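Single-structure report; data block below.
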Amino acid sequence: MSDGVADLIETDAGKDARPGERRRGIDRVIMLLEALLKHRAPMRVGDIAKMIGAPRSTTYEIVNSLLEAEMLENVGTEGYVYFGRSMHLFGWAYSHHNAHYRRIIETLDRLAVETGETVQLCGLRGNKYVVLDCRDSPGPFRISSDVGVEVPIPWTASGRLLLGHMSEQELRDFIPPGDYTLPDGRVIAPAEFFADVATAHQQGYSETAALADRFTWCMAAPIRDGHGAINKTLCFVLPIDTPEPRRNQLLDLLRERARTLSLTDS
């Protein structure tokens, strides 16, 4: 970590924050990185400042510190910045230190090769669904989702599994009302979604058809942590016209592989 980034954090940590007061230095570093992640492309510093609601001078100070630490890097000659090599090293360290995550990635690779289908690792980020990793189908009809893009939970098979621990009232409070509207304007009735969540929780898997994309059939199986909670799912994204016998075969395989990745049998 560069002296500049350390100074931002140390200065911030030394303040006695009153209840409810944000620790602005650290928060703005996080907000800046989140903005780049959501934008998914290099940005000018002035645009970042607008996106996070921070003064340009403060944003420039943060960006310069992150550039020094190689957490960001300049892109081109017109003032754009994006994630730098240090971010790659942080991700590399996480994936190599976490033996369970390595097993999951190896399973993604094997499933994609064995089946020729699109395979995903999925989870939640706040009250949205995200693809954490993906192996695209090598076939002519390719279905893929951008890793890290936040999607409304009701659009997904995985979301129905990931929220299985919640009561109906908790679901109502958790999901924004607008997230029940699909990209083509169709609306999922909340009661229908709540019933789907209960069914997925009971049967231990979830399938959806033609929701976020009218041409896809999605299936998800739970990966349980050491406490039995579901915070990740293993998924297939298939063409909508995949024959039922083939779907059943893939679902059985998906559930079996997800069980081998779970840290408990519950």
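The values are calculated or read from the model by the stated rules, or taken from the named source; none is laboratory data. These figures come from a predicted structure and were not determined experimentally. Glycine gets a Cβ as well: all are built from the backbone with ideal geometry, and neighbour counts include every protein chain shown. Ligands, DNA and RNA are excluded from the accessible area calculation, which covers all protein heavy atoms including side chains. Shrake-Rupley method; radii C 1.70, N 1.55, O 1.52, S 1.80 Å.
Look at the stretch 81-106 and say how many of its residues are open to solvent by 90 Å² or more (accessible area, probe 1.4 Å), at pLDDT 85 or above, more than 21 Å from VAL29 (Cα to Cα) and not charged (D, E, K, R).
So the answer is 0.
I need the full set of residues from the stretch 134-166 which are of a type in the set (S, T, N, Q) and at pLDDT 95 or above, in order please.
Here is the first cut: in the stretch 134-166, the residues of a type in the set (S, T, N, Q) are 137, 144-145, 156, 158.
Passing the criteria: THR156, SER158.
Is it fair to say TYR129 is within 18 Å of TRP217 (Cα to Cα) and not in a helix (DSSP H, G or I)?
Values: within 18 Å of TRP217 (Cα to Cα): yes; not in a helix (DSSP H, G or I): yes.
For TYR129, the condition - within 18 Å of TRP217 (Cα to Cα) and not in a helix (DSSP H, G or I) - is met.
Give the stretch 55-110 a look and list any residue that's of a type in the set (D, E, K, R) and on the phi < 0 side of the Ramachandran plot, or say none.
Filtering the stretch 55-110 for residues of a type in the set (D, E, K, R) gives 56, 61, 68, 70, 73, 78, 85, 102-103, 106, 109-110.
Within the stretch 55-110, ARG56, GLU61, GLU68, GLU73, GLU78, ARG85, ARG102, ARG103, GLU106, ASP109, ARG110 qualify.
Looking at (1) touching a strand residue (DSSP E or B) at 6+ places or on another chain (Cβ under 6 Å); (2) touching a residue at least 60 places away in the same chain (Cβ under 8 Å); (3) under 13 Å from PRO154 (Cα atoms), which one does LEU261 not meet, given that it meets all the others?
LEU261 satisfies all of (1) touching a strand residue (DSSP E or B) at 6+ places or on another chain (Cβ under 6 Å); (2) touching a residue at least 60 places away in the same chain (Cβ under 8 Å); (3) under 13 Å from PRO154 (Cα atoms) except (3).
Which condition from (1) over 19 Å from GLU150 (Cβ atoms); (2) touching a Lys or Arg at 6+ places or on another chain (Cβ under 9 Å); (3) open to solvent by 30 Å² or more (accessible area, probe 1.4 Å) is the one that TYR60 breaks?
(2)
Could you look through the stretch 47-104, keep only residues that are more than 30 Å from ARG224 (Cα to Cα) and basic (Lys, Arg), and pick out the one that is farthest from the chain's Cα centre (by Cα)? Reasoning before the result, please.
First pass over the stretch 47-104, keeping only residues more than 30 Å from ARG224 (Cα to Cα): 47-86.
Going one step further and asking which of them are basic (Lys, Arg), we end up with 50, 56, 85.
Working: LYS50: 24, ARG56: 29, ARG85: 21 Å.
For the stretch 47-104, the residue satisfying everything is ARG56.
For the stretch 31-44, enumerate the residues that are open to solvent by less than 10 Å² (accessible area, probe 1.4 Å) and either over 19 Å from ASP146 (Cα atoms) or not assigned by the TED database to the domain that holds GLU73 (or both).
The first filter runs over the stretch 31-44 and keeps only residues open to solvent by less than 10 Å² (accessible area, probe 1.4 Å), leaving 32, 35-36.
Once the filter is applied, which keeps residues that are open to solvent by less than 10 Å² (accessible area, probe 1.4 Å) and either over 19 Å from ASP146 (Cα atoms) or not assigned by the TED database to the domain that holds GLU73 (or both), the stretch 31-44 yields only LEU32.
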